[in-house]
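Quick notes on the structure that follows.
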């Protein structure tokens, strides 16, 4: 019984975890401008994840009254991935760190180009069977690059401001943990399913859910901070 | 193959997480080091600022003494000599008009001698050194209230004994400046200066019923060019490691000065003896 409850909590974590930052977003008055993309991400992710979980739950109940493309939530994960990258790219640009700013400005466009090439020539965006490992892993790699350059900037910046007072520090920390843990999950997820390792793939997705909760908590911490940190 | 793949995925996740944790730790240590450096630099800057203030205050005090001595020893001596010469004139042989001019000149000369002596004593801190801060304040109040319509009261704590005369010079100069400001700008009719001394802490309160300053106005004015007096007050407060607070209410305005009286720098004026 307890295991069933825990399982349900884990399965629905992609929805309820977002309620944590949402609570702080709704109560925080006048957050700094650089948190606008993060705020947008939380709202969009909340809607997309509700959709993904509802589709998953309907599939579990064996309901098939929806159109073909709505019977799989993979396309929602793909959309989520694209939106996450674009919004967090905007977030890193808004942080206004005088470091690799040209690379940071170009990367979202490069990502869109790769996205178009991939889904025009190689993969189906609305693939029923599996999500796009290529898309999600590329997104994780780019976001990881953003996070690492953020930390490098902190070490070379000579202001010596306390870490917790650095703009966006908690968001970047949550995001770096999320993308670092998920890079290999995303990279091998399709492959795991192809290799008939579905049980392992389902279990490893729990790691994704745990780090997603961590990401949500970190975003919430950042929104809780006063004085614009 | 399946075991290898699961191992690879788990290893990959572990390595990536370790990498992020390592980077985070590196950032934390680097930031901590920078923070320590920043604090050390700020402390050094503060010390340098205090040294500069101390030097400025010392040179101001030295200059006051030099001017006071020049006024007393040179200008005062010449004026006294001029008075002697004037008194040497036989007025019996003078007609009414010349006698009147002689008397007027003598009167003006007396006034000048009196004023020069007053300025010289004001600039000099002899009374402060000989009789202490409280007596110097009382004497100053007596002098500035002569002819003024303001009612002044002193309620000074006589348990305070000077431990460092240099400290007292700074406190005295601050009070001089503040009282002059009150006389010039406040249009007050009542003025009370009180002090309490406890546990090596001296608290002075200047209260008046005129138009005074609030803390915000003080903060604003002391950065203005013309606010030299207030800037000097602030410098002396910093040097004494004390605090000053301005507050206003319906009853009147109050200036609270808090000074620790044992931890003070040496600012003995360096006056060369002639």
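The values are calculated or read from the model by the stated rules, or taken from the named source; none is laboratory data. What you see is a predicted model, and the numbers here were worked out from it, not measured in a lab. No Cβ is skipped: glycine too gets one built from the backbone with ideal geometry, and neighbour counts run over all protein chains shown.
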Taking only segment B:219-245 into account, find how many residues are assigned to a helix (DSSP H, G or I) and either at pLDDT 85 or above or under 16 Å from residue B:166 (Cβ atoms) (or both).
-> 8
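Quick grid of which residues meet (1) in contact with a helix residue (DSSP H, G or I) (Cβ under 9 Å, 6 or more places away or on another chain); (2) surrounded by 15 or more Cβ atoms within 10 Å (Cβ to Cβ); (3) free of Cβ contacts under 8 Å to residues at least 40 places away in the same chain:
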residue	(1), (2), (3)
B:113	yes, yes, yes
B:184	no, no, yes
B:197	no, yes, no
B:205	no, yes, no
Looking at residue B:67, is it in contact with a helix residue (DSSP H, G or I) (Cβ under 7 Å, 6 or more places away or on another chain), in contact (Cβ under 8 Å) with a residue 12 or more places away in the chain and either at the interface with another protein chain (Cβ under 10 Å from one of its Cβ atoms) or surrounded by fewer than 16 Cβ atoms within 10 Å (Cβ to Cβ) (or both)?
-> yes
Does residue A:49 meet the test of being at pLDDT 85 or above, closer than 27 Å to residue A:171 by Cβ and in a helix (DSSP H, G or I)?
-> yes
Pick out the one residue from A:148, A:135, A:192 that is facing another protein chain (nearest Cβ under 8 Å) and either modelled with pLDDT of 90 or more or surrounded by fewer than 20 Cβ atoms within 10 Å (Cβ to Cβ) (or both).
-> A:148
Does residue B:22 satisfy being more than 9 Å from every other protein chain (Cβ to nearest Cβ), without any contact (Cβ under 8 Å) to a residue 12 or more places away in the chain and under 60 Å from the mean Cα position of the chain (by Cα)?
-> yes
Residues of segment A:152-171 being surrounded by 20 or more Cβ atoms within 10 Å (Cβ to Cβ) and at the interface with chain B (Cβ under 10 Å from one of its Cβ atoms), in sequence order, are A:154, A:166, A:169
Inspect all residues belonging to segment A:94-102 and state whether any of them is more than 16 Å from residue A:172 (Cα to Cα), buried (at least 18 other Cβ atoms within 10 Å of the Cβ) and modelled with pLDDT under 90.
-> no
Given B:17, B:101, B:87, which one is in a helix (DSSP H, G or I) and within 14 Å of chain A (Cβ to nearest Cβ)?
-> B:17
What about residue B:35, is it at the interface with chain A (Cβ under 7 Å from one of its Cβ atoms) and under 30 Å from residue B:235 (Cα atoms)?
-> yes
